[in-house]
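Colleague: The structure is given below, and queries will be raised subsequently.
The values are calculated or read from the model by the stated rules, or taken from the named source; none is laboratory data. Everything numeric here is computed off the predicted structure, so don't read it as measured data. FYI the Cβ positions are ideal-geometry reconstructions off the backbone, even for glycines, and counts take in every protein chain you see. Surface accessibility is based on the protein's heavy atoms, side chains included, excluding ligands, DNA and RNA. Shrake-Rupley method; radii C 1.70, N 1.55, O 1.52, S 1.80 Å.
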Amino acid sequence: MKSRSLKFREAHKVGGSAAFCSILWDHKAEHFVTSSSSDPSISVHDGLSPSTLPPTILRHHQDGVTALALSHDSTFLASGSIDHCVKLYKFPSGEFQTNITRFTLPIRVLAFNGSGSLLAAAGDDEGIKLINTFDGSIVRVLKGHKGPVTGLDFHLNGELLASIDSTGTVLCWELQNGIVSFILKGVAPDTGFSTSIVNILRWSPDGRTLAVPGLRNDVVMYDRFTGEKLFALRGDHLEAICYLTWAPNGKYIATSGLDKQVLLWDVDKKQDIDRHKFEERISCMAWKPNCNALSVIDARGKYGIWESLVPSSMISPTVGIPDILPKKRNEIHNFDDEIEEELHGASESLNDSLVDSDDGESHHTSRKRLRKKTCIDDDGDAYEELNDGSSLPSASEFRKKSHRVHREKQYAGSGAFKSTAASTKYKMQSSFQPGTTPLEPGKRTFLCYNMLGCITTIEHEGNSRIETDFHDTGRGPRVSSMIDIYGFTMASINESGCVFANPCKGEKNMSVLMYRPFRSWASNSEWTMRFEGEEVKVVANGAGWVAAVTSLNLLRIFSEGGLQKHILSLDGPVVTAVGRKDHLAVITHVSDCLPSNEQVMEFRVLNISKMTEELKGRVALTPGSRLTWIGFSDEGSLSSYDSKGVLRVFTSQYGGSWIPVFSKEKKQEENYWVVGLNTTSVYCIACKHPEIFPQVTPKPILTILDLSLPLASSDLGAASLENELMLKQLRLYETQQRVDDMASTGVDTTALEDEAFDMEVSQDKCILRLISSCCSSDSFVRASELMRLLTLEKSMRAAITLVTKLKLPFLAEKFCSILEERLLEEANEAITNPSQNPNKEVVTRVESKVQNPPASVQTSENTEAVMKSSATKLSATTLVRKAKVSEGLKLGKEQTKKDETEDAKIKEIKKLNLIKIPVNNVNKEDKGLRKEVNQEEARRSSNPFLKSTV
Amino acid sequence: MAGQTDPHISLFSPQEVEFMAEDELVEIVPNMNMEQLNFISGDFGRFIPQIPTKVPLWLAVALKRRGKCSFRPPGWMSVDNLTQILEAERESQSTFQALPFSYVEIARLLFDHAHDDIPDKYMVRSLVEDIRDVRLHKLETNLGSFQGTSAVKISNVSAMEVNIVRPFVRRALEAFYKHDKPEADIDRDTRSSRQQREANNEPRRPLRQR
C-alpha cells in the first residue's frame, strides 16, 4: 500500500458523534456540494479553486441535512433534512425554489431520475414518494419497505427504481406501474436506526447491474431484471461497506467501509486495485467528472480529493463512458398514455395467463413469469395492493396470488375477457415428472417424492445442493449430499439408485442425464449422458434399468451400468413416465387438446426385461383437468391423479378400464398431493387450500385416506357399505386375476388363494350387512340380488337365518331356493368336472359330500335327485329348528320391544347365527355322516374309475 | 398409592409424576417400518415411515433416542396457542385454562428429548415456563382465599400443580374440618359417648367418610 496523504478541509462542523456527510459534483466539475447530518447548512464549493473562494452557504433547513441530489444536467439541487422537509434550489446559484414535499419523519435519501422530471424521496416514513419536480405533485407512493429507506437509485432508462432500507432489503420497482419487479430480502447489512450510517445501492453506469453492499464485507452485483446474484467483489474490507460509487465509465468502483478504508476495484477483474486508510470513516464519495479523482468526505465533515487514484497504466475512469441517454419520456405526466399502456399490457399478459393457466397449473414458475402474472391484476389492482399493504408479499404469497389470479381469470371467462378466452386455444399439457414440485429460488424443493424417499434441491451460489433421504432411515442406504453443477430439475428414485436430468438452457448447457447407484461393488459407478439438440423431458428407473424420454419423442433405455440398451420412438410428445420393478409406464399425447379442454393422452406399460408391451390404452381424465401424478400402486396397478382431484386405477375389468377409486370432496380446505396408494387407501400429503404442492420444510407427513368411489346417492342410505362392497369386489377380482396369471405360469398360488378366501369371507360379511339394511328399507329384490353375490354356503345360510329373524318368510323362501340352486350348480360341477379332470375329483367330491351327504352314488341322475332332496330337507329342517329355538327364547322380548330394537336385534341374531350355523351343521352332519364316512371312504377310492366309465 | 415416596404427606416426587405422565399419548412420525406392538395398555402401530401414529410418551422417547422417529408437537404447544393461554391466565385470577393434565411433564420430556422437533423451541419453552409460573402463583394465592370449607373445587389444575399444593391443602382442609366440626359434634355427641370419640380421634377419619 502506497502511503499517500490527502489534504482534508473542514466543510461542516460535526460535534459529538459521527454524522453522515454528503458530497456531490455537478456534471461539469465546476462546483461541488457538501452537507452534514449535524449541520443545517449546505455548502456549494467552487470546484476549480476550493481553497480560495469561500463556499456559498445555503441555510434553509432547520436541522441537519441528510440527503442531497443534483439533477443530471445540474440545474436543480434538492436537499432533504432531519426537519422532515425536501427543498429544491436552483443550481449553481443556490436560489431557493420551493419546499417540494414534507414527510412526517426525517428524510434519508433523495434521487433525481435521468430527465430530472421526477424526484424520489424516502426516509423513516413508510413509502418512497415520487414527486413531480415541475409542480411538486406526488405522483406515486411506493410502499413496501419495512424499515427506513436509506438508498435510492433510478435506473438510467428511467423505468426502474432500486431502493434499499436499513434492514438490508432491496426492492426494485417498475415505475410504469409501481410493481415490485424483484425483492432481495436481507442481502445488505442491517444498519439499524443510526442516521450516520446508510445502506446504499447503485446501478452501474451501463445499467446492467446493481451494486449493493453484501453481508460479508463485500459488494454484490445483481442482475437488472431478475435480481439474480451475478458476482461479488470481496477483498480487504474488514467491516461492512457503507458507501460505494461507480466510476463514470463503470470500470471501477470505489467502496468505503466502516473500517475507515476506501478501496478501489477493477470491476471486470473483480479485484481491488488500490486502497487508502483514513482517520475517519468516509461517509460519502463522488467521482470528479472528467477527471481521475475522487472526492471524499468523512464522518467529521472534512472533505478531501484523492487525485489520480486509478493508476496511469490502467484505463482512465473517464474513458469510455457508456453513451446511454436517459430515455426522454414524459413518463409520469402523460397519464392517459400510461393507462392505455397498462391496459394493453394487461390484456397481453392475460392472454399469456390463459395459456399459462392451462399449462399444468403453471408448474414451472420462473421469476419473470411471476412478475408477469402480478401484472394481470389490471386496473392498478396490484399497484394498490402494493401501496396499501404495509408488508411486501413474500415469494410464496406471490405464488398464491398468481394462483388466485389464475383462478379468477378462469372463472372470468364469461366476463369482459370472453372474447380473448374464446379465441384462445387450449394447449396440450406440458410434460412433468411425478412427485416434483416447482423450483423456487432460495427455497428447497422436491425433485422427487415417492413412498420410498425423496430428493430435494436448493440453489446456493450458482450451484445446487441435492440431498437424498429415505423415509425409512434404518433400511435405506445412506446417500451423501451432492453438489449439482447442472441444475437438475427432475429426478427419480428407487431402492437401487437415483436418476437426474436437467432441461437444456441455451446452447451451452446441454441436457444431461445422470445416474447414481446407491450400492455398487465398483467405485465411481455414477454415469452421465449428454444430449445434443435433444432435451430430456421425463426420467424413470426400475429394477436394473433407467429410462429417459426426450423432446425428440425418443424413449431411451439404459442399463444400470450406463449401457445404452434400447431406443424407441414414441407415438407422441411425452407427458410423463414412471417405473416400478420391470414395468415402465409412459404417457404420451395422442392429439391436440380438444376444444372442450380435454387432453387426449395414451399410456403404455412396458415390461423392460421381457421387452414386451403389457398394457396400452387411453388415459381417462376428468373434463377440463390435467394429469398431475401417475404411479403404480403397491400391488402394481397403474394409477393416475388429475388436477380435479380424482384418483383412478387401471384394472383389467371390461377389457381394461380406469376406475375412479378416490375423489377429492368438493369445497374442501385441503388439496391432496398424491404419493402412492394400495388396495384400500391412498397416501397423500395434504396441503392447505391455495397451495397445491408441499414445502420441504417442515417435513411433510403422509395422510392416509380411504378409497371412496363416486357413488350416486342411493335410497338405501348405506353408501359406505356399498362403497366397501364395490372396493372389495374389485380387490377380489384383481386377486383372482393374479391367481389365474400365476397358475398359468405354474407358480405356487396357495398364499394368494388364502388371501382370496379371506377376501371372500370379508366380502360376504359386508353383503350380509347390506342385506339387512336392504330388508329394513324394504328393497327385497336388491336383497335377493345380494344373496346371489354371496360366495360361501355358510354365509348364505346366515342370510336365510337373518331374514327369518326379520320375519320375512317369503324372502327366506326365496333365499332358500337361491341356496338350492347354488348347491345344485355346485353338485353339477362336482360331477361334470371329475370326468374331465379325474385328478381333482377327489377333492371336489369330498367338499360336496361334506355339504350334502348323499345317500348313494350310482348314476349321475340318481345323485342329482338325491342331492336335491337332501339339500332341501336339510336346509328346511335347520331353518325350522333354529327359528323355533330362537323365537321361543325371545318371544317375550320381541313382543314388548318390537320395532325400536330391531336393529340391535339384527346384530344379535347375526352374531348368534354365525356361531350357531357351523355348530348346527356339524352336529347334524356328524350324526348322519360319521356312520357313512367309513362307507364313503371305501367307495371313494373306486370312484374315479366309476365316474370315468360313466 | 404403592409407589409414593412419602405416603404421609401424600406427595409424589417430580420423577414419579413424570413417570405417570409418560402414559399420555403423543403423535410421532416414525422413520422405520415396524409391526404392531401389543402392550397391556393397548396396541400401537403399525409403524410406517412418514405416517404419523399415536404412541405413549415413554415409547416415543425411547424411539426418539434411537433416532427412529420424530415428534409432532401437540397442538397446544404452538406459540399462538400458548400466548393466548398465557394472556388468559394472566387476565382471570380465579380460573385456570384448559391444558393437558400433565402439560408440564409432557413439555419437559419433549424439550429434553425432542427439542429439534419443536418449532420456535425457545419461545415455546419460555411460554410454557411462564404459564407454569403464573398458574402456580395463582394457585398459591387462591389458597389464601379458602374459607371454612371442607371441600374445594378448582378445575383444570394439572398433575404437577396438584402435587405441589396437595399436602398443604389436605392439611388445611383437615384443620378446617377439625375446627368446624367440634361444635356440631358436641351437639350430636352429647347423647352418645363423647369419651369414646375422643379416644378414637383420628383426624383422617371424618374426611374419609365424606
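Colleague: Could you tell me whether A:Val512 is touching a strand residue (DSSP E or B) at 6+ places or on another chain (Cβ under 8 Å), in contact (Cβ under 8 Å) with a residue 40 or more places away in the chain and not aromatic (Phe, Trp, Tyr)?
Modeller: Against the criterion (touching a strand residue (DSSP E or B) at 6+ places or on another chain (Cβ under 8 Å), in contact (Cβ under 8 Å) with a residue 40 or more places away in the chain and not aromatic (Phe, Trp, Tyr)), A:Val512 does not qualify.
Colleague: Please verify whether A:Ser166 is touching a Gly at 6+ places or on another chain (Cβ under 8 Å) and hydroxyl-bearing (Ser, Thr, Tyr), treating the condition exactly as stated. Explain how you work it out, then say what you get.
Modeller: Numbers: touching a Gly at 6+ places or on another chain (Cβ under 8 Å): yes; hydroxyl-bearing (Ser, Thr, Tyr): yes.
Yes: the conditions hold for A:Ser166.
Each row is one residue, and each column tells you yes or no for (1) assigned to a strand (DSSP E or B); (2) within 28 Å of A:Glu635 (Cβ to Cβ); (3) of a type in the set (Val, Ile, Thr); (4) free of Cβ contacts under 8 Å to residues at least 60 places away in the same chain.
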| site | (1), (2), (3), (4) |
| --- | --- |
| A:Leu568 | yes, yes, no, yes |
| A:Thr576 | yes, yes, yes, no |
| A:Gly579 | yes, yes, no, no |
| A:Val586 | yes, yes, yes, yes |
| A:Val590 | yes, yes, yes, yes |
| A:Cys593 | no, no, no, no |
| A:Glu598 | no, no, no, yes |
| A:Arg604 | yes, yes, no, yes |
| A:Ser609 | no, yes, no, no |
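Colleague: Right, next: Mind listing just one residue for me: the one in region A:440-459 that is within 14 Å of chain B (Cβ to nearest Cβ) and of a type in the set (A, V, I, L, M) and, of those, surrounded by the most Cβ atoms within 10 Å (Cβ to Cβ)?
Modeller: My answer is A:Met451.
Colleague: May I ask you to say which residue of A:Gly474, A:Gly462 is open to solvent by 10 Å² or more (accessible area, probe 1.4 Å) and under 25 Å from the mean Cα position of the chain (by Cα)?
Modeller: Going through A:Gly474, A:Gly462 in turn, just one is open to solvent by 10 Å² or more (accessible area, probe 1.4 Å) and under 25 Å from the mean Cα position of the chain (by Cα): A:Gly462.
Colleague: In region A:53-88, what count of residues is obtained for those that are closer than 24 Å to A:Val141 by Cβ and open to solvent by less than 70 Å² (accessible area, probe 1.4 Å)?
Modeller: 22
Colleague: Could you please find all residues in region A:139-157 being of a type in the set (Val, Ile, Thr) and open to solvent by less than 20 Å² (accessible area, probe 1.4 Å)?
Modeller: Of all residues in region A:139-157, those of a type in the set (Val, Ile, Thr) come to A:139, A:141, A:149-150.
Those that are of a type in the set (Val, Ile, Thr) and open to solvent by less than 20 Å² (accessible area, probe 1.4 Å): A:Val149, A:Thr150.
Colleague: Taking the residues in region A:638-653 that are of a type in the set (S, T, N, Q) and crowded, with 22+ Cβ neighbours inside 10 Å as candidates, determine which candidate is nearest to A:Leu606 (Cα to Cα).
Modeller: For region A:638-653, the residue satisfying everything is A:Ser639.
Colleague: Within region A:515-570, which residues are of a type in the set (Lys, Arg) and in contact with a strand residue (DSSP E or B) (Cβ under 7 Å, 6 or more places away or on another chain)?
Modeller: Within region A:515-570, A:Arg516, A:Arg530, A:Lys537, A:Arg556, A:Lys565 meet the criteria.
Colleague: Right, here's the next one. Scan region A:290-297 and give yes if some residue there is within 19 Å of A:Val65 (Cα to Cα) and outside any strand (DSSP E or B), otherwise no.
Modeller: No, every residue in region A:290-297 fails to be within 19 Å of A:Val65 (Cα to Cα) and outside any strand (DSSP E or B).
Colleague: Could you grab me the full set of residues in region A:64-92 that are closer than 15 Å to A:Thr34 by Cα and assigned to a loop (DSSP other than H, G, I, E, B)?
Modeller: A:Gly64, A:Ser74, A:Phe91, A:Pro92
Colleague: Does A:Ala751 count as among the aliphatic types (A, V, I, L, M), open to solvent by less than 50 Å² (accessible area, probe 1.4 Å) and at negative phi?
Modeller: On the way: among the aliphatic types (A, V, I, L, M): yes; open to solvent by less than 50 Å² (accessible area, probe 1.4 Å): no; at negative phi: yes.
Here the answer is no, as A:Ala751 does not meet what is asked.
Colleague: Got a number for residues in region A:236-247 being in contact with a Cys (Cβ under 8 Å, 6 or more places away or on another chain) and in contact (Cβ under 8 Å) with a residue 60 or more places away in the chain?
Modeller: Of the residues in that region, 0 qualify.
Colleague: Additional query: Please enumerate the residues belonging to region A:107-116 that are modelled with pLDDT of 85 or more and not basic (Lys, Arg).
Modeller: Once the filter is applied, which keeps residues that are modelled with pLDDT of 85 or more and not basic (Lys, Arg), region A:107-116 yields A:Ile107, A:Val109, A:Leu110, A:Ala111, A:Phe112, A:Asn113.
Colleague: Out of the residues in region A:478-487 that are away from every other protein chain (no Cβ under 14 Å) and not aromatic (Phe, Trp, Tyr), state the one that is surrounded by the fewest Cβ atoms within 10 Å (Cβ to Cβ).
Modeller: So, considering only residues that are away from every other protein chain (no Cβ under 14 Å) and not aromatic (Phe, Trp, Tyr), the one surrounded by the fewest Cβ atoms within 10 Å (Cβ to Cβ) is A:Ser480.
Colleague: Here is a follow-up. Would region B:77-100 turn up any residue that is away from chain A (no Cβ under 14 Å), open to solvent by 60 Å² or more (accessible area, probe 1.4 Å) and aromatic (Phe, Trp, Tyr)?
Modeller: Looking for residues that are away from chain A (no Cβ under 14 Å), open to solvent by 60 Å² or more (accessible area, probe 1.4 Å) and aromatic (Phe, Trp, Tyr), one finds none in region B:77-100, hence no.
Colleague: Next up: If I go through region A:194-203 residue by residue, how many of them are touching a residue at least 60 places away in the same chain (Cβ under 8 Å) and surrounded by fewer than 20 Cβ atoms within 10 Å (Cβ to Cβ)?
Modeller: Residues in region A:194-203 being touching a residue at least 60 places away in the same chain (Cβ under 8 Å) and surrounded by fewer than 20 Cβ atoms within 10 Å (Cβ to Cβ): 1 in total.
Colleague: A follow-up question, please. Go through region A:10-38 residue by residue and tally those that are more than 20 Å from A:Phe91 (Cα to Cα) and in a strand (DSSP E or B).
Modeller: Looking only at that region, the number is 1.
Colleague: Separate question: Of (1) within 17 Å of A:Val198 (Cα to Cα); (2) in a loop (DSSP other than H, G, I, E, B); (3) open to solvent by less than 50 Å² (accessible area, probe 1.4 Å), A:Leu105 satisfies all except one. Which?
Modeller: Condition not satisfied by A:Leu105: (3).
Colleague: Mind checking which strands (runs of 3 or more DSSP E) fall wholly inside region A:143-243 and carry at least 3 residues that are farther than 28 Å from A:Ser79 by Cβ and not hydrophobic (A, V, I, L, M, F, W, C)?
Modeller: A:218-223
Colleague: Next up: How many of the residues making up region A:572-587 are closer than 21 Å to A:Ser657 by Cβ and open to solvent by 10 Å² or more (accessible area, probe 1.4 Å)?
Modeller: Counting residues in region A:572-587 that are closer than 21 Å to A:Ser657 by Cβ and open to solvent by 10 Å² or more (accessible area, probe 1.4 Å) gives 3.
Colleague: Do the conditions hold for A:Leu790, that is, is it open to solvent by less than 50 Å² (accessible area, probe 1.4 Å) and closer than 30 Å to A:Glu635 by Cα?
Modeller: Details: open to solvent by less than 50 Å² (accessible area, probe 1.4 Å): yes; closer than 30 Å to A:Glu635 by Cα: yes.
Yes: the conditions hold for A:Leu790.
Colleague: Might you check whether a residue that is over 18 Å from A:Leu638 (Cα atoms), free of Cβ contacts under 8 Å to residues at least 12 places away in the same chain and over 34 Å from the mean Cα position of the chain (by Cα) occurs anywhere in region A:697-707?
Modeller: Scanning region A:697-707, I find no residue that is over 18 Å from A:Leu638 (Cα atoms), free of Cβ contacts under 8 Å to residues at least 12 places away in the same chain and over 34 Å from the mean Cα position of the chain (by Cα), so the answer is no.
Colleague: A further question follows. Name the single residue that is nearest to the other protein chains (Cβ to nearest Cβ) among those in region A:495-511 being closer than 30 Å to B:Phe47 by Cβ and crowded, with 20+ Cβ neighbours inside 10 Å.
Modeller: Residue satisfying both the conditions and the ranking: A:Cys498.
Colleague: Kindly provide the set of residues from region A:679-702 that are within 12 Å of chain B (Cβ to nearest Cβ), farther than 25 Å from A:Glu724 by Cβ and open to solvent by 20 Å² or more (accessible area, probe 1.4 Å), ordered by number.
Modeller: Across region A:679-702, the qualifying residues are A:Thr697, A:Pro698, A:Lys699, A:Ile701.
Colleague: On to the next question. Hey, among the residues in region A:704-727 that are open to solvent by 80 Å² or more (accessible area, probe 1.4 Å) and under 28 Å from B:Arg46 (Cβ atoms), which one's farthest from the other protein chains (Cβ to nearest Cβ)?
Modeller: Among those that are open to solvent by 80 Å² or more (accessible area, probe 1.4 Å) and under 28 Å from B:Arg46 (Cβ atoms), it is A:Met726.
Colleague: Among the listed residues A:Gly304, A:Gly250, identify the single one that is under 24 Å from A:Leu70 (Cβ atoms), touching a residue at least 40 places away in the same chain (Cβ under 8 Å) and open to solvent by 10 Å² or more (accessible area, probe 1.4 Å). Working first, answer last.
Modeller: Details: A:Gly304 fails: open to solvent by 10 Å² or more (accessible area, probe 1.4 Å).
Every option except A:Gly250 fails the conditions.
Colleague: Those residues that are open to solvent by 60 Å² or more (accessible area, probe 1.4 Å) and within 15 Å of A:Gly168 (Cα to Cα), I need them from region A:215-228; list them, please.
Modeller: Selection gives A:Leu215, A:Arg216.
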